[in-house]
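What follows is one structure encoded as structure tokens, with my remarks underneath.
The values are calculated or read from the model by the stated rules, or taken from the named source; none is laboratory data. All figures in this text were calculated on a predicted structure; none of them were measured in a lab. Here the Cβ positions follow ideal geometry from the backbone for every residue, glycine too, while neighbour counts run over all protein chains shown. Protein only, heavy atoms only, side chains kept; ligands, DNA and RNA dropped before computing areas. Shrake-Rupley method; radii C 1.70, N 1.55, O 1.52, S 1.80 Å.
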Amino acid sequence: MLKEVMEDEFRQSSQKGLVLADFYSTACGPCKMLAFVLADVDKACGDKVSIMKLDFDKNRALAEEFGITSYPTLILLKDGKEIKRLTGLQQKPAIVKMIEEA
Amino acid sequence: MTEGVSYSFCESLRSRQAEAERSMLKEFAQGVYTPEKPYIKLNPYLINPLSAVVAFCTKEETAVTVTIFGKENKGNIVHTFPRKKEHILPILGLYGGYDNQVELRLYGGRSHTITIRTEELSERVPKLLSLNTEPEYISEDLIFVTPSLSALATAFDRFGEVRWHLTVPVIFEMARLKNGNFLIGTERVMQMPYYMSGLYEMTMMGKIVKEYSIPGGYHHDQCEMEDGNILVLTEGESYETVEDVIVLLDRETGEIRKTWDLKDCLIPGEGPSGGYTPRDWFHNNALWYDKHTHSITLSGRHVDAIINIDYETGALNWIIGDPETWPADKQKYFFQIKGGKDFDWPYEQHGCLVTPNGGIMCFDNGHYRSKIPEKFLLNRDSFSRGVLYQIDRETMTIEQLWQYGKERGEEFFSSYIGNVEWYKEDHYLVHSGGIQYYGEHASEKPAALLQGDPNVRSESITVEILHGKVIFEMKIEGNFYRAKKMALYKEGENLPLGEGILAGRMGVTPEFDTLIPMESCGELLPYRYEAKLTEEEDRFVFKAIFEGGQMVMLMLENEEEEHGYFISTSKNKFNALCCGTFIEKDPRNITLNVNKAGLTGTFDVRVIVDDKKYDTGIRIAC
């Protein structure tokens with residue numbers, strides 16, 4: 001499942017299972033490209049992971065809480081806890097591998 | 001201006017030089033030239049404006065001694081060419097913008113002096129800021145510097161005069177070969193900021209004798225083995241990590257004969273330096289083959305360490321560096337400091353070498369000067385130096401035998417690049433090539449990203465030290481990767497004729513796995529992007545201007561296949577500046593290089609910009 005969320009929904013929905021948070025900016029070319037990659041990842045991983053896209057500018061408090069210094073930043077959470085982080089544009093195999101190893 | 005992409009085909013430098021040589025030899029053959037009235041061709045190989053060919057015939061076979069007269073009786077360069085009847089003589093070491101006087105003296109006979117007028121030096125010749133030397137150390141050897149920013153490869157004589165310069169941005173190490181030629185990185189960037197297409201074997205005239213294309217590209221350093229093969233720093237062909245692979249190239253064919261991947265002996269992420277990134281985890285900036293131990297010594301900037309691996313197996317032998325933060329299983333490879341003398345570990349060092357008696361030298365940049373982020377020093381508070389260590393592998397102890405530079409502090413500090421040279425015991429060269437000031441103090445940001453800022457000043461200081469005394473010190477404007485002392489001429493003819501040879505092969509340019517599902521909008525790419533596509537024999541180069549934040553992907557498409565190459569428009573694209581020579585002042589400028597290797601067929605070139613896929617009107621045959 002891939003969806004755009006705001007902070008409140010993210011806090012509620014990220015406490016169980018695997019969640020991949022994508023902190024992105026609308027003014028970032030690699031972030032736009034990553035959206036297509038995550039759509040592919042979503043198809044490949046199905047229900048194994050929930051992909052939540054968070055606009056960096058609209059969720060600044062959350063971004064600060066996670067110590068996001070650049071975008072795109074992908075954070076993989078398991079039952080609400082961060083277990084892995086990737087910064088910058090990633091290719092599908094690297095993201096799928098991270099999810100499968102979680 | 002019309003919509004679309006401007007297209008051009010660029011012949012290789014090798015081919016253009018071959019054509020220029022054929023034309024020169026034809027002109028010479030069509031005339032009657034004597035020592036008194038010789039044929040003269042300035043800059044015959046197109047890239048060395050301080051060189052010429054002087055050609056003439058003699059009735060008998062005779063040796064010819066050429067003297068390029070220095071200014072005010074200083075700086076003469078003399079070379080004797082072998083006996084011949086047809087003399088095609090390479091003239092090196094001319095002054096720029098000057099009526100050079102060159103004497104041609106036939107063996108045991110007459111002489112004649114000719115005048116060769118050269119053009120003014122280009123703006124890409126570095127400015128000399130100061131030079132101090134001792135008269136007794138004057139020699140014909142020049143100090144060569146290779147580029148790191150916009151100024152290009154240049155050599156100065158002992159009076160500070162420019163006597164050699166190349167007008168193309170060949171970069172990194174300039175490794176002299178046993179045959180007198182040298183190996184240097186091509187000007188053909190494969191991917192910023194990490195690597196070039198390969199190496200040129202060049203004569204001092206700038207003539208390419210051989211071009212080696214390397215599948216993983218070339219960066220930083222190379223050396224000639226005793227059998228003539230070449231050890232080169234490269235990348236793995238997957239490009240998932242960079243600057244962590246070494247290959248042995250066959251000198252004749254350019255094929256790879258042996259490969260060492262540093263991920264086989266180290267784990268990325270262990271012992272990171274301040275500049276570490278997951279992709280550029282080792283940042284291998286130097287290599288040295290030591291025949292006495294049949295091993296390779298390497299300098300890993302992003303692990304703050306010089307490592308040594310076995311030539312045959314690639315197994316790790318030892319590590320010179322601060323052992324802090326390295327895991328327990330690696331501690332056995334580190335040395336204990338011996339004695340109570342002054343001692344400093346190297347941090348983000350460059351240019352390691354092994355002396356004939358097993359000493360290890362490097363240029364210790366001292367960037368961050370700690371492995372603990374909380375203890376990182378600012379550049380203004382650190383120091384750089386040349387350093388010589390002696391290691392004892394039996395007791396695993398290390399001693400610092402010599403250093404030069406710590407005492408100079410900030411003024412000699414280079415956060416990146418630099419090298420040392422060993423001439424004999426107690427006779428060394430230390431090159432602090434990456435000095436950068438922002439206002440009054442050492443810059444805390446790389447100057448390559450600040451070019452054009454009036455507060456930025458970049459310099460390079462090269463020092464030769466004999467028995468503890470500085471016998472030569474040269475300060476020039478700009479940053480220079482390495483400096484080395486060499487003579488222009490080697491024994492013999494110095495000018496092999498004939499077309500340069502292409503050896504080796506290009507790698508396959510990595511594609512982006514995910515393609516954007518989008519149909520062409522049927523429009524040509526708007527002219528505001530100022531897009532240009534230059535095709536070469538083995539690749540094409542796409543240049544354009546995009547705004548930060550735009551999503552851009554270049555597509556190669558035909559009925560059966562599509563290939564996508566993502567183009568980053570981020571402002572801060574680079575984590576390292578190995579080839580800062582090619583950094584664009586305007587960060588909106590993008591360059592994409594795509595090799596033809598791995599592609600078969602004819603493709604339409606299209607460009608996706610955000611939500612539109614544009615045509616370019618260009619087809620590329622691979």
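3J(HN,Hα) couplings calculated from phi for region B:283-290 with the Karplus curve 6.51 cos²θ - 1.76 cosθ + 1.60 (θ = phi - 60°) are, in sequence order, 6, 6, 10, 7, 9, 8, 8, 10 Hz; Gly and Pro show x. The mean number of Cβ atoms from other chains found within 10 Å of a Cβ in peptide B:57-69 is 0, as a whole number.
Mean per-residue shielding of peptide B:608-615 is 1, counting Cβ atoms of other chains within 10 Å of each Cβ. Note on B:R408 and B:I471: the model spin-label points, each 7 Å out from Cα along the C-beta direction, lie 1.8 nm apart. Rounded to the nearest 20 debye, the dipole magnitude of region B:128-504 is 280 debye, with +1 charges on Lys and Arg beta carbons, -1 on Asp and Glu beta carbons, and the Cα centre as origin.
Peptide A:27-38 has a mean shielding of 6, counted as Cβ atoms of other protein chains within 10 Å of each residue's Cβ. The A:D8 and B:E444 beta-carbon pair, evaluated with R₀ = 45 Å, returns a calculated FRET efficiency of approximately 0.70. Each Lys and Arg contributes +1 and each Asp and Glu -1, all at the Cβ; summed about the Cα centre of chain A, the dipole is approximately 240 debye. Normalised by 2.2 N^0.38 Å, where N counts its residues, the alpha-carbon radius of gyration of region B:430-525 equals 1.91. Classified by the C-alpha gyration tensor, region B:379-426 has a prolate form. Its axis ratio a/c, with a ≥ b ≥ c, is 1.5 or above, and a/b is larger than b/c. Only Cα sites of region B:277-410 enter the Debye sum here, all with the same form factor; the resulting log10 I(q)/I(0) across q = 0.13, 0.16, 0.17 1/Å is -0.52, -0.80, -0.91, listed in q order. Remark: the B:T34-B:K258 segment gains 75.6 nm on full extension, using 0.36 nm per residue and subtracting the alpha carbon distance. Shape of region B:255-340 from the C-alpha gyration tensor: oblate (a/c of 1.5 or more and a/b not above b/c, with a ≥ b ≥ c the square roots of its eigenvalues). Here, region B:100-178 is characterised by an Rg to Rh ratio of 1.04, where Rg is the alpha-carbon radius of gyration and Rh the Kirkwood radius.
Here is the tail figure for region A:6-68: Cα pairs spaced more than 20 Å apart come to 29 percent of all pairs. Dividing the alpha-carbon radius of gyration of chain B by the rule-of-thumb value 2.2 N^0.38 Å gives 1.00.
Which residue, chosen from B:V387, B:V463, A:L34, occupies the Cα position most advanced towards the positive end of the dipole of the protein assembly as shown, where the dipole is computed from +1 (Lys, Arg) and -1 (Asp, Glu) charges on Cβ about the Cα centre? After comparing all options, I get B:V463.
Amide H to amide H distances under 5 Å link B:G216 with B:E235, where only residues 5 or more positions off or on other chains count and H is placed in the peptide plane.
The distance between label points at B:I501 and A:I83 comes to 5.6 nm (points 7 Å beyond Cα on the Cα→Cβ vector).
Sorting B:H441, B:H219 on solvent-accessible area from highest to lowest, probe radius 1.4 Å, gives B:H441, B:H219. Here the gap between B:E399 and B:I545, fully extended at 0.36 nm per residue and compared with their Cα-Cα distance, gives a gain of 47.3 nm. Available extension along the chain between B:D610 and B:K332 is 94.8 nm, counting 0.36 nm per residue and deducting the alpha carbon span.
Straight-line cross-link partners of B:K59 among the lysines, defined as a Cα under 19 Å from its Cα and at least 8 positions apart when in the same chain: B:K37, B:K84, B:K85. In region B:510-621, taking the dipole from charged Cβ atoms about the Cα centre, the farthest positive-side position among B:G548, B:S520, B:I567 is held by B:G548.
By the beta carbon rule, with partners counted only under 4.7 Å, chain A holds these lone Cys residues: A:C45. Taken about its Cα centre, the protein assembly as shown carries a charge dipole of about 1240 debye when Lys and Arg each add +1 at the Cβ and Asp and Glu each add -1 at the Cβ.
Size estimate for region B:419-578 follows the Kirkwood approach: the inverse of mean 1/r over distinct Cα pairs works out to 21.6 Å. Alpha-carbon geometry of the protein assembly as shown: the Rg and the Dmax are 27.7, 97 Å, given in that order.
Semi-axes of the equivalent ellipsoid of region B:32-117 are 21, 15, 11 Å, computed as sqrt(5λ) over the eigenvalues of the C-alpha gyration tensor in descending order. Listed by chain and number, the lysines placed with their C-alpha closer than 16 angstrom to that of B:K406 are B:K341, B:K469; residues fewer than eight positions away on the same chain are left out.
Excluding ligands, DNA and RNA, the accessible surface per residue across region B:32-117 is 46 Å² with a 1.4 Å probe.
Here's the picture: a label point sits 7 Å out from the Cα of A:T69 along the beta-carbon direction, and within region B:416-455 the residues with their amide nitrogen under 20 Å of it are B:416, B:443-450. Each residue was assigned an accessible area with a 1.4 Å probe, and for B:E425 the value is about 130 Å².
Convex hull volume per residue, computed on the Cα atoms of region B:307-382, equals 130 Å³.
The packing ranking, built from the mean of other Cβ atoms within 10 Å per residue, places the peptides B:141-149, B:596-604 in the order B:141-149, B:596-604, highest first. If a spin label sat at a point 7 angstrom from the Cα of B:N317 along the line to its beta carbon, the backbone N atoms of region B:343-383 nearer than 20 Å would be those of B:346, B:350-363. Once the Cβ-Cβ distance of B:R110 and B:R22 is raised to the sixth power relative to R0 = 25 Å, the FRET efficiency obtained is 0.20. Summed over both chains, the contact between A and B buries some 1100 Å² of accessible surface at a probe radius of 1.4 Å.
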